[in-house]
1. What translational diffusion coefficient, in µm²/s and rounded to a whole number, does the Stokes-Einstein relation yield for region 43-99 at 4 °C and a viscosity of 1.567 mPa s, taking the hydrodynamic radius as the Kirkwood radius over Cα pairs?
2. Mind checking which of 26, 46, 57 has the largest fluctuation in a GNM of the chain, springs on alpha carbons under 10 Å?
3. Which of rounded, prolate, oblate describes region 1-52, given a ≥ b ≥ c as roots of the alpha-carbon gyration tensor eigenvalues and a/c under 1.5 marking rounded, otherwise prolate only if a/b is larger than b/c?
4. Neighbouring Cβ atoms within 10 Å as the yardstick, rank 49, 22 fewest first.
5. How large is the helix-only mean residue ellipticity at 222 nm for the chain, computed as the sum of -39500 (n - 2.57) over DSSP H runs with n ≥ 4, divided by its residue count, in deg cm²/dmol to the nearest 500?
6. If you stretched the chain out fully between residue 76 and residue 59, how much longer would it get, using 0.36 nm times the residue separation minus the C-alpha to C-alpha distance?
7. Counting residues in the chain as N, plug N into 2.2 N^0.38 Å and put the Cα Rg over that result.
8. Given Cα pairs under 8 Å that are at least 6 residues apart, what percent is the relative contact order of region 18-99?
């Protein structure tokens, strides 16, 4: 996930364009000092992606506390990316209570 390394808030067109440029085709971006932003084909997909980001961060923090976490390799990431829209919609349904 890319990082927007300017800790100031996005308050103008130039900063917004820089953020969007840095985001590129990624599903989200960490804004140093300001949290994160996620995107998706729908609001539900963006919300579900944020939920996944938060849970993943918690898991990685715990893994780092007890050893060296193993990040996804390129093949694993490509697989996740290929099924992400379906999974994000299922997560969105779960979050809305449509289990």
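Read-outs throughout are calculated quantities, based only on the coordinates presented, and are distinct from any laboratory measurement. All values reported here derive from a predicted model rather than from experimental measurement. Cβ coordinates were reconstructed from backbone atoms using ideal geometry, including for glycine residues, and neighbour counts include every protein chain displayed.
1. This corresponds to a translational diffusion coefficient of 104 µm²/s.
2. Result: 57 has the largest fluctuation of those listed.
3. prolate
4. Lowest count first: 22, 49.
5. -20000 deg cm²/dmol
6. So the chain would gain 4.4 nm between residue 76 and residue 59.
7. 1.18
8. 25 percent
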